[in-house]
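Structure first, commentary second.
Read-outs throughout are calculated quantities, based only on the coordinates presented, and are distinct from any laboratory measurement. Small disclaimer: the values here were computed from a predicted structure and weren't measured. Ideal geometry is used to build each Cβ from the backbone, glycine not excepted, and the neighbour counts take in all protein chains shown.
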Amino acid sequence: MAMAKDANVARPHWARRVRQDVVRRLYESDARGLRDEELADEAGMGLYARCLSMIEASEAAEGKVLCPACKTAILHDRQDEMILECGACEWQMPWLEYRKTFQKKKLAAPGILDPLRQFADQYAKCRSYEAKLIAIDSLLHTFHAQARKWPTSPIAKNVLQGNIQEIVAFLDSLAYGDGSTAGLMASTGAYQATLARSWAGGAKRPKDWREPHDPEDPPQN
């Protein structure tokens, strides 16, 4: 196949995890009743870009690559010898080379795509500062396996910089006050209850983690 002049030089771009200090300053400002629109956009757009990258990388790992040159979907069978080829713009790249661009970056996580898509859809529609804060807060306090009896760890570990211990400590330290956007305190209360049942919060790994969550269950010790 003849290749377009610059089609073969396009490489996928993946958004990095968001710095904790950006989110921390946003919450501290909000707790004082200050509505910093620029800071909300910096944190929100960073998380939005990261979620989109995670969705794209996860789908690529499952067999659907978006051409980095024109965003056409390219289906593939995940075989090592596969050459990805875009029929729309003639972009090409070996699948092994493409895969290396997102490996070891906490990007491919097929099991948590629903919360990521929910945040991306919600944030894209946000117009007010308050709506952005609620969307950000909801994402940060959502867990892997949220609907199961034993959630594992906060999704924040995939979208914020830091290891799981640092992320849990960071979420625990987020500032709330009389000036905080309405609804944030309820979110953190639900987070603390879920953390107590999670592996990240010290609960023992269950024999069958697939068992659905029963709201009446006591916290796991």
Measuring from label point to label point, each 7 Å out along Cα→Cβ, what is the residue 21 to residue 103 span in nm?
-> 3.3 nm
So which trypsin sites (Lys or Arg not before Pro) in region 56-104 end up in coil per DSSP with only 14 or fewer other C-beta atoms within 10 Å?
-> 71, 78, 104
Comparing 54, 93, 82, which has the greatest mean-square fluctuation in the GNM of the chain with Cα pairs linked when under 10 Å apart?
-> 82
Options (i) 35, 23, 13; (ii) 37, 18, 14; (iii) 42, 23, 17 - which one matches semi-axes √(5λ) of the Cα gyration tensor in Å as calculated here | (i)
Of all GluC sites (Glu not before Pro) in region 2-93, the ones in DSSP coil with at most 10 other Cβ atoms within 10 Å are 81
Using only alpha carbon pairs under 8 Å that are at least six residues apart, calculate the relative contact order of the chain and give it in whole percent.
-> 23 percent
Once amide H atoms are built 1.01 Å from N in the peptide plane, which residues 5 or more positions from residue 160, or in another chain, come under 5 Å H to H?
-> 18
Under 5 Å between amide H atoms, partner at least 5 residues away or on a different chain: which partners does residue 143 have, H built in plane at 1.01 Å?
-> 155
Under the rule of -39500 (n - 2.57) per DSSP H run of 4 or more residues, summed and divided by the residues of the chain, what mean residue ellipticity at 222 nm is obtained, to the nearest 500 deg cm²/dmol?
-> -13500 deg cm²/dmol
